[in-house]
Amino acid sequence: MAFTPRSVAAPAAGDTIADVSIVGGGTVGLVTALAVRHADPNASVVLIDARPPGPYKDERASAIAAAVRRMLTRLGAWDAIEGEAEPIRDMIVTDSRLRDTVRPVFLTFGGDVEPGEPFAHMVPNAVMLDALAGAAERAGVRTIAPATVDDFTVDGAVATLHFTGGDTLRTRLLVAADGVRSRLRGLAGIGVVRSDYNQSAIVTTVAHERPHEGRAVEHFLPHGPFAILPLTGNRSSLVWTERRAEAERLIALEDFTFETELERRFGRELGAISLAGPRHAYPLGISLARAFVAPRFALVGDAAHGIHPIAGQGLNMGFRDAAALAEVLVDARRLGLDPGALDILKRYESWRRFDTVEMGFTTDVLNRLFRTDIGLVRQVRDIGLGLVDRLPPLKKHFIREAAGLGGADIPRLMRGEAI
C-alpha cells in the first residue's frame, strides 16, 4: 500500500526552533531526515516538500549499492522494499558499433561482496520513496507539504525560512535537497561548475520473453552507453544514452517504431521485447557545487553534485551524503556542540568533497572515452577492459567500489552500523 505523507501547516516564527530543516522530499531529502531522527530521537527534524501529499508516481528504477541496502536496513526501511528489489547477480560490458552483428564481451563482473550479499539491487523509485516516507513518519520526522521556500535569511545561530504565503520557520540548520537546479543553493550564494554533454538519457521499462537471471548489461555504443538493468519478473529498466537531438527524435516516435530502434540495441538474447512503461529523456551533464556548506546551510544529493549515469553512482552518492551529514550532526549534538555551526559543517564538506570530485572526474573521463569512435582509442580501451577482466584482485576492487564499500572512510550507516 502506498504511503501518503502528512500535510501540516508551516509553524509561525515564534514557534520552537527546529534543529534540522530539509527542503526537498525526494529520496535524498527523505533519507537525510530519517537518518538524523533515527540516530537522535531528541532532534527536531522538519521535511519540507513542494509535492502535494499522495502516492508517489515515479515510474523509474534505481541501482542501489550494497552499502545503501545496509543503510536502509539499519534505518528500518529495507523490509518494505525487499519484495520489489531485484538483485544484480552479475554484469557484462561490451564495446561495439550499432551495425556490428556480434558484440564481444570485454569485461564481466559477478559474485557477492559478502556471502549472500549482491553488490547491488534494482529498486523501483516509488517503492523506495514510499518506504522512506513511512519510516520517516514512524521516526517522528515532521512533514510540511505542499510548501515552497521562497527565501531564507541567517542571523547568528538561526536560519529563517520564508514560505510562499508568508509563513516562516526558524531552524538551526537548513539542508538543501532540492535537486540539480537547486534554488536554495543559488540563494546561499554557492556557485556551480557545469559542463553540458549534449547527451540525453532515455529511461524506460521493457518486458521480455525470457528471464534475465539477475544479469545487468552495459553496451558501450558510439553515442553513449546502453544499460539493461534487471527488474522483478521478466522486465528490465533501460538507461539509453544518445545525442540530445537523436534522443528527442526517438522519444517522439510512435511505439512500434521506437520498439524497432530499441531492439537494434537490446538484441534478441531475452526473446521478443515490448514497452512496459512510459519513456522519458533527461539531459546529461556534470555539475559540482563550489562549496557544500555555508553558514547554517548544507547541500546534499544532486544539489551538491550531478554526474553522468555511466557508472550508476549518482543516487548512491546522495545516500552517502545523507549518511555522512547525519553522522557529523549527531556526533556534534552528543558532544553538546551546535550542529549548524560552520566549523561542524566543514567536517561534512571535507569528508564528501574529495569523493564527489573524484567520482565526477571518473564519470566524465569514462563518458568522453567511450563516446569516441576513433579506431585507435577503441583498441586501447578494449585492451584495458580485457586486462581488468583477467586480473581477479582488480575486479574485486571494482566490485567493492560499485557496492559502495571501497575505501576506509565509509559512514557508519553504510557499513550497516548505528551512528
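The values are calculated or read from the model by the stated rules, or taken from the named source; none is laboratory data. Keep in mind that this is a model prediction, so the values were computed, not measured. We place every Cβ from the backbone using ideal geometry, glycine too, and count neighbours over all the protein chains shown.
Which pairs do you get when a residue that is within 22 Å of R265 (Cβ to Cβ), found in segment 70-94, comes within reach of a residue that is of a type in the set (A, V, I, L, M) and buried (at least 18 other Cβ atoms within 10 Å of the Cβ), reach meaning Cβ atoms under 6 angstrom, with the pair 6+ apart or on two chains?
Going by the 6 Å Cβ cut-off, the qualifying pairs are E86/M122; E86/L231; I88/A120; I88/A216; M91/A216; I92/V217; V93/L107.
Is it the case, given these coordinates, that T241 is closer than 18 Å to R99 by Cα, under 27 Å from the mean Cα position of the chain (by Cα) and polar (S, T, N, Q)?
On the way: closer than 18 Å to R99 by Cα: yes; under 27 Å from the mean Cα position of the chain (by Cα): yes; polar (S, T, N, Q): yes.
Judged against the criteria, T241 is a match.
Can you find even one residue in segment 321-341 that is assigned to a helix (DSSP H, G or I), surrounded by 17 or more Cβ atoms within 10 Å (Cβ to Cβ), touching a Pro at 6+ places or on another chain (Cβ under 9 Å) and at pLDDT below 80?
no
Test D155 against the criterion of being among the acidic types (D, E) and closer than 20 Å to S44 by Cα, and give yes or no.
Numbers: among the acidic types (D, E): yes; closer than 20 Å to S44 by Cα: yes.
Here the answer is yes, as D155 does meet what is asked.
Of all residues in segment 1-27, which are modelled with pLDDT of 95 or more, touching a strand residue (DSSP E or B) at 6+ places or on another chain (Cβ under 9 Å) and within 14 Å of L129 (Cβ to Cβ)? Even if it seems obvious, please write down each step before you answer.
So the first thing to find is which residues in segment 1-27 are modelled with pLDDT of 95 or more, and the list is 18-27.
After this cut, where a residue has to be touching a strand residue (DSSP E or B) at 6+ places or on another chain (Cβ under 9 Å) as well, the list is 18-25, 27.
Within segment 1-27, G24, G25, T27 qualify.
Can you name the number of the only condition in (1) out of contact with any Pro (no Cβ under 6 Å at 6 or more places or on another chain); (2) part of a helix (DSSP H, G or I); (3) small (G, A, S); (4) surrounded by 23 or more Cβ atoms within 10 Å (Cβ to Cβ) that A126 fails?
(4)
Is it true that G224 is in contact (Cβ under 8 Å) with a residue 40 or more places away in the chain, on the phi > 0 side of the Ramachandran plot and surrounded by fewer than 17 Cβ atoms within 10 Å (Cβ to Cβ)? First the steps, then the outcome.
Values: in contact (Cβ under 8 Å) with a residue 40 or more places away in the chain: yes; on the phi > 0 side of the Ramachandran plot: yes; surrounded by fewer than 17 Cβ atoms within 10 Å (Cβ to Cβ): no.
Spelling it out, it is not the case that G224 is in contact (Cβ under 8 Å) with a residue 40 or more places away in the chain, on the phi > 0 side of the Ramachandran plot and surrounded by fewer than 17 Cβ atoms within 10 Å (Cβ to Cβ).
Give the number of residues within segment 342-372 that are closer than 29 Å to V93 by Cβ, among the polar types (S, T, N, Q) and exposed (fewer than 15 other Cβ atoms within 10 Å of the Cβ).
The number of residues fulfilling the criteria is 1.
With V175, V154 as the choices, which residue is buried (at least 19 other Cβ atoms within 10 Å of the Cβ), outside any helix (DSSP H, G or I), modelled with pLDDT of 95 or more and touching a strand residue (DSSP E or B) at 6+ places or on another chain (Cβ under 8 Å)?
Values: V154 fails: buried (at least 19 other Cβ atoms within 10 Å of the Cβ).
Just a single option satisfies the conditions, and that option is V175.
Can you work out which of the residues in segment 204-215 that are crowded, with 21+ Cβ neighbours inside 10 Å and either β-branched (V, I, T) or within 18 Å of the chain's Cα centre (by Cα) (or both) is nearest to S274 (Cα to Cα)? Please lay out each step first, then the result.
If we filter segment 204-215 for residues that are crowded, with 21+ Cβ neighbours inside 10 Å, which is where we start, we get 204, 206, 212.
With either β-branched (V, I, T) or within 18 Å of the chain's Cα centre (by Cα) (or both) added as a condition, the list becomes 204, 206.
Details: T204: 11, V206: 6 Å.
Per the stated criteria, the residue is V206.
For A177, work out the one condition from (1) free of Cβ contacts under 8 Å to residues at least 60 places away in the same chain; (2) closer than 24 Å to F292 by Cα it doesn't fulfil.
(1)
Which residues, counting only those in segment 98-119, are in a loop (DSSP other than H, G, I, E, B), modelled with pLDDT of 80 or more and loosely packed, with under 15 Cβ neighbours inside 10 Å? Walk me through it before giving the result.
Let us first name the residues in segment 98-119 that are in a loop (DSSP other than H, G, I, E, B), namely 98-104, 111, 115-116, 119.
So of that shortlist, the ones also modelled with pLDDT of 80 or more come out as 115-116, 119.
If the condition is that a residue be in a loop (DSSP other than H, G, I, E, B), modelled with pLDDT of 80 or more and loosely packed, with under 15 Cβ neighbours inside 10 Å, then P115, G116 are the ones that fit.
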